[in-house]
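Q: A single structure is presented below for examination.
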Protein chains: 2
Amino acid sequence: MAKPDQYQLAVPLRPTTRSLPIALLRARETVMEPIRDMLAKSQISEQKWRILRVVDERGPVEQTAIAKDACLLLPSLTRLIAAMEQDQLIHRSPDPKDKRRSMVRIADKGRALIDTHAPESQDIFTRLEDQFGHKDLEHLLDLLEKLQDVKL
Amino acid sequence: MAKPDQYQLAVPLRPTTRSLPIALLRARETVMEPIRDMLAKSQISEQKWRILRVVDERGPVEQTAIAKDACLLLPSLTRLIAAMEQDQLIHRSPDPKDKRRSMVRIADKGRALIDTHAPESQDIFTRLEDQFGHKDLEHLLDLLEKLQDVKL
DNA sequence: GTAAATTAATTAACATGTCAAGTATTGCAA
DNA sequence: TTGCAATACTTGACATGTTAATTAATTTAC
């Protein structure tokens, strides 16, 4: 009474809980929930928030670099930057050394937005640390940082 | 000669490399690159691939559950499921016990798609394991699984 | 130096994400 | 039993994601 599956040679996929891309996505959803609530108050999207942070962190920076650091594609970035410039969250100026580029820097209103949310952001992180454990969280961040440098 | 910043009380944000949501996103981009290449050959999107895997894993399942497991919102899922049903990747049937629901299950063509990509998928994972280290990878997956259950 | 290849950014077209509102059904409470 | 809240989607409108094509400027190769 051989079961038909006996000769099955198909390679089974990993269970989704052990699929790294899916696990990263699910974990991120958990962490993003309170942050989304926070940003909703300011009518600002997750993407614009990432752009603000990257531009704030890097200072005057070209769009290609923002795209890489904020995990956005250039076409999306073009539209987002245009809207954010309109809203006075950032400024943009042509690069005199390379006329193809424009340099982006944070504007007062953008900086104010960051300052406004920084305490709540820190509070969310602290709550996470309390529940997840300081050591595990640091270790997780180390592993994620290492993962970003892997070349596949 | 006091620097103006001397009295600044603003809470600084964490550097983006140590921001968990951003680190999760960047890490995911690294891992997804070869998978996107793989899926592009079959003209299938990342989202549809996740749906296929979840439906395959869970068997006949309602859409709300798929949405949760595949990290999609219901409106997106409605459209994706419609397209995938059209393409015969999945089947959908009304739940006799609850007329609001419909149960989704994988179709032959969907299963074939999974079988087709399983070896390459496994190969990608192996390459990752080689570069990243088996132990670190398992630990990372453990931490991500734990993170998903945190309540903020 | 000049043509060809490369880079930075943009645009267009369509897929997917997201929020708000709507429909049908079910569960629950008075 | 009735009516009201909750659930499971669905739809519409607009934001963002994604690919391919395009433009302008720069770099490279000859």
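Q: Using the structure shown, decide if A:VAL104 is modelled with pLDDT of 95 or more, within 14 Å of chain B (Cβ to nearest Cβ) and within 16 Å of DNA strand C (Cβ to nearest atom). Before you say what the answer is, go through the steps one by one.
A: Working: modelled with pLDDT of 95 or more: yes; within 14 Å of chain B (Cβ to nearest Cβ): no; within 16 Å of DNA strand C (Cβ to nearest atom): yes.
Spelling it out, it is not the case that A:VAL104 is modelled with pLDDT of 95 or more, within 14 Å of chain B (Cβ to nearest Cβ) and within 16 Å of DNA strand C (Cβ to nearest atom).
Q: Another question about this same structure. Name the residue, out of B:LEU89, B:LEU128, that is surrounded by 12 or more Cβ atoms within 10 Å (Cβ to Cβ) and under 30 Å from A:LEU143 (Cα atoms). Lay out the reasoning, then the answer.
A: Details: B:LEU89 fails: under 30 Å from A:LEU143 (Cα atoms).
Of B:LEU89, B:LEU128, the one residue that is surrounded by 12 or more Cβ atoms within 10 Å (Cβ to Cβ) and under 30 Å from A:LEU143 (Cα atoms) is B:LEU128.
Q: Also, quick follow-up: Run down B:GLN47, B:GLN88, B:GLN43 and say which single residue is at positive phi and at pLDDT 95 or above. It would help to see each step written out before you state the result.
A: Values: B:GLN47 fails: at positive phi; B:GLN43 fails: at pLDDT 95 or above.
None of the others qualify; the one that does is B:GLN88.
Q: Taking region B:132-145, which residues are at the interface with chain A (Cβ under 7 Å from one of its Cβ atoms) and loosely packed, with under 15 Cβ neighbours inside 10 Å?
A: Passing the criteria: only B:GLU145.
Q: Within region A:102-114, is there a residue that is near DNA strand D (Cβ under 10 Å from one of its atoms), surrounded by 15 or more Cβ atoms within 10 Å (Cβ to Cβ), touching a residue at least 12 places away in the same chain (Cβ under 8 Å) and outside any strand (DSSP E or B)? Give the steps one after another, and end with the answer.
A: Just the residues of region A:102-114 that are near DNA strand D (Cβ under 10 Å from one of its atoms), to begin with: none.
No, because not a single residue in region A:102-114 is near DNA strand D (Cβ under 10 Å from one of its atoms), surrounded by 15 or more Cβ atoms within 10 Å (Cβ to Cβ), touching a residue at least 12 places away in the same chain (Cβ under 8 Å) and outside any strand (DSSP E or B).
Q: When both residues are 6+ apart or on different chains and their Cβ atoms are under 6 Å apart, which pairs have a first residue that lies in region A:30-58 and is polar (S, T, N, Q), and a second that is within 12 Å of DNA strand C (Cβ to nearest atom)?
A: So the pair list comes out as A:GLN47/A:LEU80.
Q: Still on this structure, please answer the following. Select from region A:20-77 the residues that are of a type in the set (Val, Ile, Thr), near DNA strand C (Cβ under 10 Å from one of its atoms) and more than 13 Å from the chain's Cα centre (by Cα) and write down the one among them that is most open to solvent (accessible area, probe 1.4 Å).
A: Narrowing region A:20-77 to residues of a type in the set (Val, Ile, Thr): A:22, A:30-31, A:35, A:44, A:51, A:54-55, A:61, A:64, A:66.
Next, from what is left, pick out any that are near DNA strand C (Cβ under 10 Å from one of its atoms): A:61, A:64, A:66.
Then keep just the ones that are more than 13 Å from the chain's Cα centre (by Cα); that gives A:61, A:64.
Working: A:VAL61: 7, A:THR64: 82 Å².
Only one residue tops the list, namely A:THR64.
The values are calculated or read from the model by the stated rules, or taken from the named source; none is laboratory data. A quick note: this is a predicted structure, and the numbers were derived from the prediction, not measured. Positions of Cβ are backbone-derived with ideal geometry, glycine not excepted, and every protein chain shown enters the neighbour counts. Side chains included, ligands, DNA and RNA excluded: accessible areas come from the protein's heavy atoms. Shrake-Rupley method; radii C 1.70, N 1.55, O 1.52, S 1.80 Å.
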